[in-house]
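What follows is one structure encoded as structure tokens, with my remarks underneath.
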């Protein structure tokens with residue numbers, strides 16, 4: 001294991017715990033060179049899930065791709081990495097419940113948008129603008145208006 005900060009390959013495990021869902025082991029490690037700490041996760045490698053894209057192409061499910069998109073949507077927002085990990089884990093749970101090994105990108109995107117809507121409305125709009133690929137500003141404005149009307153009903 002290489003330290004993400006200094007690149008050294010000398011480290012020690014400080015703490016190990018089972019993940020929330022029992023499907024992963026979380027390890028806190030400390031670099032023996034720079035003494036900084038970092039976290040790694042070990043997961044059992046399973047048969048790969050496939051994501052069916054809107055154009056019919058299939059590609060392997062990549063949790064890091066989802067996390068990367070969430071990080072972009074929540075940039076400079078009061079959302080923790082743990083909250084984003086929980087969204088990714090929710091998508092993975094959705095996959096685990098499926099009988100086949102395929103899921104549509106639409107189903108994944110809608111699930112992420114549900115969770116972001118409840119978590120941070122600005123992040124939701126950012127994600128929606130990329131995910132829904134608004135054709136013009138009117139579609140974008142309609143999405144924001146719908147969000148504002150929904151917020152009014154919840155008493156915000």
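A few notes on this one:
- Residue 33 meets all of the listed conditions (1) touching a residue at least 12 places away in the same chain (Cβ under 8 Å); (2) more than 27 Å from residue 119 (Cα to Cα); (3) part of a strand (DSSP E or B) but one, namely (3).
- Considering the range 17-36, the residues that are surrounded by fewer than 12 Cβ atoms within 10 Å (Cβ to Cβ) and modelled with pLDDT of 90 or more include one that is nearest to residue 96 (Cα to Cα), namely 17.
- Just so you know, in the range 88-103 the residues that are touching a residue at least 12 places away in the same chain (Cβ under 8 Å) and part of a helix (DSSP H, G or I) include one that is nearest to residue 126 (Cα to Cα), and it is 88.
- Hey, residue 78 within 22 Å of residue 104 (Cβ to Cβ) and touching a residue at least 12 places away in the same chain (Cβ under 8 Å) or not: no
Rundown of residues vs (1) within 21 Å of residue 39 (Cβ to Cβ); (2) in contact with a helix residue (DSSP H, G or I) (Cβ under 8 Å, 6 or more places away or on another chain); (3) surrounded by fewer than 16 Cβ atoms within 10 Å (Cβ to Cβ), yes/no style:
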{"site": "76", "(1), (2), (3)": "no, no, yes"}
{"site": "84", "(1), (2), (3)": "yes, yes, no"}
{"site": "87", "(1), (2), (3)": "yes, yes, no"}
{"site": "93", "(1), (2), (3)": "yes, no, yes"}
{"site": "97", "(1), (2), (3)": "no, no, yes"}
{"site": "108", "(1), (2), (3)": "no, yes, no"}
{"site": "114", "(1), (2), (3)": "no, no, yes"}
{"site": "121", "(1), (2), (3)": "no, yes, no"}
{"site": "125", "(1), (2), (3)": "no, yes, no"}
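- Looking only at the range 127-145, and only at residues there that are touching a helix residue (DSSP H, G or I) at 6+ places or on another chain (Cβ under 9 Å) and at pLDDT 75 or above, the one that is nearest to residue 78 (Cα to Cα): 127
The values are calculated or read from the model by the stated rules, or taken from the named source; none is laboratory data. Please read these numbers as outputs of a predicted model, since none were measured by experiment. Every residue, glycine among them, receives a Cβ derived from its backbone with ideal geometry; neighbour counts consider all protein chains shown.
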